[in-house]
Amino acid sequence: MQKPNNRLENQTCIITGSSSGIGAAVAKALGAEGANIVVNYRSSKEAAEEVADEINKNSTSGEAIVLHGDVSKEEDVKELFKKTINHFGTVDVCVPNAGLQIDHPLHEMPLDAWKKVIDVNLTGQFLCAKEAIIEFMRRGIRKDVSNSLGKIIHMSSVHEEIPWAGHANYAASKGGLLMLMESICQAYAPHKIRCNSIAPGAIKTDINKDVWSTKEGRENMLKLIPYKQIGVPEDIGSVASWLASDESEYINGTTIFVDGGMTCYPGFTTNG
Ligand code: NAD
């Protein structure tokens, strides 16, 4: 993994759903770059505090705080940004990461399961991006801190590209996210806002624990990964810290797949 080098000093980052999994790893990676970090959680305050404690212990220049908020609720997202700005002065990087799966075959999927996944995975990311853009434009550019006005890094999935039977609500939310991200880039790149997505493949977290925690599940997962390795949250953290920094300044409106080659459709290796 890349060594941190304080590429985000004097910048403030909100990472939603960062009390666990990929969000926690992203929060730690950005914290290791010297940024101020907001660890957002919906239900696990204790876990969020553990993430913040670890960042505070290791950070040379930033501070980590914990803030509650359900990203699917507009008033919560507004409050999350308001409290962040009150505490740190502004927001420079927003990583809408919170997400969930509620799986059913389509013909058995209750409307509630459809709505809940869209509300968190897509509407939640819209609400966060909207508040971030409002704050970036209010504050204006700070050339001493970054060449960009602000950075948004959506946590997407390989399922913005790969259809997923039995998970149509999840795949639709991530497919929608692709168009949200590209539309934001198209509209706000002239303002020097960068908006990109990271699309993880199979990463060991709670969201897919029922699969990787059994031998059979792991073997099935590996069949989908040409690199023959299940990812870990830190694989995403290191990409996020680079994507948030000026080292990736000319990257805008793009999805970076971090998937060990999953989107190369290994099922076709022997001509299908
Ligand atoms: P996770 O379950 O550990 O993390 C999801 C987090 O989102 C949890 O902390 C959860 O509490 C939080 N959350 C859920 N609903 C929320 C809400 N309404 N408001 C605020 N927070 C909420 O799983 P993860 O794998 O770390 O997932 C993080 C993101 O990565 C998700 O968007 C997921 O779709 C995406 N992703 C994960 C994988 C993978 O293989 N793990 C692959 C592709 C994409």
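Every number here is computed from the coordinates shown, using simple stated rules; none is lab data. As the structure is a prediction and not an experimental result, all values here were calculated from the model. Positions of Cβ are generated from backbone atoms using ideal geometry, with glycine treated the same way; all protein chains shown enter the neighbour counts.
According to a simple spin-label model (label point 7 Å from Cα along Cα-to-Cβ), what is the distance in nm between A189 and R138?
Once both label points are built, they end up 2.7 nm from each other.
Take every Cα pair under 8 Å in the chain that's 6+ residues apart, average their separations, divide by the length, and report that relative contact order as a whole percent.
Values: 574 pairs, mean separation 52.3, N = 272.
Over the chain, the number comes to 19 percent.
How big is the dipole moment of the chain about its Cα centre under a simple scheme where the beta carbon of each Lys and Arg is +1, that of each Asp and Glu is -1, and everything else is neutral? Debye, nearest 20, please.
Numbers: 27 positive and 34 negative charges, 78 e Å.
In debye, rounded to 20, the chain gives about 380.
Once you charge only the Cβ atoms, +1 for Lys and Arg and -1 for Asp and Glu, what is the size of the charge dipole of the stretch 1-152 about its Cα centre, to the nearest 20 debye? All intermediate terms of the calculation are to be shown ahead of the outcome.
On the way: 18 positive and 21 negative charges, 117 e Å.
Dipole magnitude for the stretch 1-152 comes out near 560 debye.
5 Å is the cut-off here: which amide hydrogens, built 1.01 Å from N in the peptide plane, fall below it relative to A64, excluding neighbours closer than 5 in sequence?
Excluding prolines and chain starts, which carry no amide H, the hits are I37, N56.
The stretch 177-272: which GluC sites (Glu not before Pro) are DSSP loop and have at most 16 other beta-carbon atoms within 10 angstrom?
Values: sites: E182, E216, E219, E234, E247, E249; in loops: E249.
Counting only loop positions with at most 16 other Cβ atoms within 10 Å, the GluC sites (Glu not before Pro) in the stretch 177-272 are E249.
Quick one: compute the contact order of the stretch 73-129, relative version, from alpha carbon pairs under 8 angstrom and 6+ residues apart, as a percent. Intermediate results must be reported in sequence, preceding the final value.
Values: 30 pairs, mean separation 23.8, N = 57.
Here the relative contact order equals 42 percent.
What's the longest piece of the chain with no exposed chymotrypsin sites (Phe, Trp or Tyr not before Pro), counting a site as exposed if DSSP puts it in a loop and it has at most 15 other beta carbons within 10 Å?
On the way: sites that count: Y227, Y250.
After excluding every exposed loop site, the longest remaining stretch is 1-226.
Mind running the shape call on the stretch 113-211? Use the C-alpha gyration tensor, a ≥ b ≥ c as the square roots of the eigenvalues: rounded below 1.5 for a/c, prolate if a/b tops b/c, oblate otherwise.
Working: a/c = 2.45, a/b = 2.10, b/c = 1.17.
Prolate shape, in that a/c is at least 1.5 and a/b is the bigger ratio.
Any idea what the dipole of the stretch 160-266 comes to, in debye rounded to 20, about its Cα centre with Lys/Arg Cβ at +1 and Asp/Glu Cβ at -1? Walk me through the intermediate numbers first.
On the way: 9 positive and 13 negative charges, 44 e Å.
That gives a dipole near 220 debye.
Apply the Karplus parameterisation 6.51 cos²θ - 1.76 cosθ + 1.60, with θ equal to phi minus 60°, to every residue of the stretch 25-33 and state each ³J(HN,Hα) to the nearest whole Hz, in sequence, with x for glycine and proline.
5, 5, 4, 5, 5, 5, x, 5, 8
Give me the net charge of I55's neighbourhood, meaning all other residues with Cβ under 12 Å from the Cβ of I55; Lys, Arg count +1, Asp, Glu -1. Intermediate results must be reported in sequence, preceding the final value.
Working: positive: K28, K57; negative: E33, E49, E50, D53, E54, E63.
Cβ neighbours under 12 Å give a net charge of -4.
Would you mind classifying the stretch 56-102 by shape? Square roots of the alpha carbon gyration tensor eigenvalues, ordered a ≥ b ≥ c; an a/c under 1.5 is rounded, otherwise it is prolate if a/b is larger than b/c and oblate if not.
Values: a/c = 2.42, a/b = 1.46, b/c = 1.66.
Judged from the Cα gyration tensor, the stretch 56-102 comes out oblate (a/c at least 1.5, b/c at or above a/b).
Quote to one decimal, in nm, the extra length available between H87 and K116 on full extension: 0.36 nm per residue of separation minus the C-alpha distance between them. Mind showing how you got there, number by number?
Numbers: separation 29, 0.36 × 29 = 10.44 nm, distance 3.08 nm.
Extra length from H87 to K116 when fully extended: 7.4 nm.
Report, in whole Å, the centroid distance computed from the Cα atoms of the stretch 156-191 and the stretch 21-38.
When both Cα centres are located, 23 Å separates them.
By a straight-distance test (C-alpha under 27 Å), which lysines pair with K78 as possible cross-link partners, with residues fewer than eight away in the same chain excluded?
K28, K45, K115, K116, K130, K143, K151, K174, K192
Let me check I've understood the local charge: for I153, count other residues with C-beta under 12 angstrom from its C-beta, Lys and Arg +1, Asp and Glu -1. What total comes out?
Once all neighbours under 12 Å are counted, the net charge is +1.
K228: which aspartates and glutamates have alpha carbons under 17 Å from its alpha carbon, excluding same-chain residues fewer than 8 sequence positions away?
Output for K228: E216, E219, D259.
Shape call for the stretch 17-91 from the C-alpha gyration tensor, a ≥ b ≥ c root eigenvalues: rounded (a/c under 1.5), prolate (a/b greater than b/c) or oblate? Present the calculation step by step, with values, prior to reporting the outcome.
Details: a/c = 2.10, a/b = 1.29, b/c = 1.63.
It comes out oblate by the Cα gyration axes.
Counting only other residues whose beta carbon sits under 12 Å from that of G231, what net charge do I get with K and R as +1, D and E as -1? Each step should come with its number before you reach the end.
Details: positive: K204, K228; negative: E234, D235, D259.
Around G231, the charge tally is -1.
Tell me the relative contact order for the stretch 90-173 as a rounded percent, counting alpha carbon contacts under 8 Å between residues six or more apart.
Values: 105 pairs, mean separation 40.7, N = 84.
Once normalised by length, the contact order is 48 percent.
Helix 124-139 versus the longest principal axis of the chain: what angle, 0 to 90°, nearest 10, using Cα atoms?
Taking Cα atoms only, the helix is inclined about 20 degrees.
Would you grab the residues whose amide H sits under 5 Å from the one on I256? Only those 5+ places off in sequence or on another chain, please, with H modelled 1.01 Å from N.
For I256, whose amide H was placed from the backbone, the distant partners under 5 Å are S197, I198, A199.
Taking 0.36 nm per residue of sequence separation and subtracting the Cα-Cα distance, how much length would be gained by fully extending the chain between T254 and K130, in nm to one decimal?
Values: separation 124, 0.36 × 124 = 44.64 nm, distance 1.84 nm.
Here the answer is 42.8 nm.
Using a Förster distance of 25 Å, how high is the FRET efficiency between D210 and K78, based on the Cβ-Cβ distance and rounded to 0.05?
Numbers: r = 35 Å, r/R0 = 1.38.
E between D210 and K78, to the nearest 0.05, is 0.10.
Once you have the Cα-Cα distance between R218 and E234, take 0.36 nm times their residue separation minus that, and quote the gain in nm to one decimal. Please list the in-between numbers first.
Values: separation 16, 0.36 × 16 = 5.76 nm, distance 1.89 nm.
Additional length available on full extension: 3.9 nm.
Excluding residues fewer than 8 places away in the same chain, name every one of the lysines whose C-alpha is closer than 18 Å to that of K223.
Result set, ordered by chain and number: K204, K209, K215.
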